[in-house]
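Read through the structure below, which is laid out as structure tokens, and then see the notes.
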């Protein structure tokens, strides 16, 4: 979100798993025949290079770390088919840049090499899903579990190019995989969400896994080794758990604290895992706030990374090489929903 995970745009689809689960009980249920619109925003800057769990301090000292800056917006519309079944469609919009510092070329003996700044702007992969609460009213008042299934459509451009300054002059090149708008594959997602309300707080958990069975998407990855010549289409995942505590002095206001893990695996569950990818995961502590007012809800969460792990990909294992990837120190995740 994911390896693109924590490393790049990768969370564009799974970011939809961020929610205000646990903020209340009735607030989680969309009444039959009602609509809900939502807008989400996620910011991250990936600038800390890791190889496995080891930070690459020498690259930071030399100033040879490529830095991603990503603004991810997500608009969604939901409809209550019944009190227990909700249909949702979501459309992400991405504004991203990746800066490859000129120092990278300078340490290789190319003087006066410019920074190479790649940009991508546009819509990402659209998602449609259905969610069902397993416990029906009135027994669901204090606890419930939902399951969902969705389809990710390859609507985002998978082969974005940009004009950049290089030591050889201005050239038009493919942007890095981490800031491509889409991955070029159809995907199927499954998700689970659950909560249990106790006297003074609510426990919540949620998880999403995106199956991307396509192997590679045919887009050149601009990598030197033949095994990484084209971009891979990777699975993604995101899981969260925590506790939400209402602040009695402020009606509708709650704070939450929990943990999350998000990433992209080295090998997909279905299909091959060839081509270029940066698999890995980030584990974070996630504080946040929630405010509910009539038919509206606002949430702000700031996951702070406590462990980052850049895993070896299938081609890297085959070729007996291992590269680093940059992770973010923290994310800013903002959400707003309104019902009609």
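The values are calculated or read from the model by the stated rules, or taken from the named source; none is laboratory data. Keep in mind that what you see is a predicted model, and the values were worked out from it rather than measured. Cβ: placed from backbone, ideal geometry, glycine included. Neighbour counts: every protein chain shown.
Taking only segment 47-75 into account, find how many residues are touching a helix residue (DSSP H, G or I) at 6+ places or on another chain (Cβ under 7 Å) and assigned to a strand (DSSP E or B).
Our first condition is that a residue be touching a helix residue (DSSP H, G or I) at 6+ places or on another chain (Cβ under 7 Å); within segment 47-75, this holds for 49, 62-65, 68, 70, 72, 74.
Subset that is assigned to a strand (DSSP E or B): 49, 68, 70, 72, 74.
So the count comes out to 5.
Residues 148, 156: which one is modelled with pLDDT of 95 or more, surrounded by 14 or more Cβ atoms within 10 Å (Cβ to Cβ) and part of a strand (DSSP E or B)?
Details: 156 fails: part of a strand (DSSP E or B).
One residue alone meets the criteria, 148.
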- Task: List the number of the failed condition for residue 201; all other conditions in (1) surrounded by fewer than 18 Cβ atoms within 10 Å (Cβ to Cβ); (2) under 19 Å from residue 336 (Cα atoms) hold.
- Result: (2)
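Across segment 210-258, what is the number of residues that are over 15 Å from the mean Cα position of the chain (by Cα) and assigned to a strand (DSSP E or B)?
Our first condition is that a residue be over 15 Å from the mean Cα position of the chain (by Cα); within segment 210-258, this holds for 213-232, 241-258.
Going one step further and asking which of them are assigned to a strand (DSSP E or B), we end up with 216-220, 230-232, 241-246, 253-258.
The qualifying residues number 20.
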- Item | Conditions (1) surrounded by fewer than 17 Cβ atoms within 10 Å (Cβ to Cβ); (2) at pLDDT 95 or above; (3) more than 21 Å from residue 92 (Cβ to Cβ): number failed by residue 300 | (3)
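Specify the residue that is nearest to residue 238 (Cα to Cα); the eligible residues are those in segment 278-299 that are more than 15 Å from the chain's Cα centre (by Cα) and in a loop (DSSP other than H, G, I, E, B). Give the steps one after another, and end with the answer.
Initial filter on segment 278-299 (more than 15 Å from the chain's Cα centre (by Cα)): 285, 287-299.
Going one step further and asking which of them are in a loop (DSSP other than H, G, I, E, B), we end up with 294-295.
Details: 294: 29, 295: 27 Å.
The residue in question is 295.
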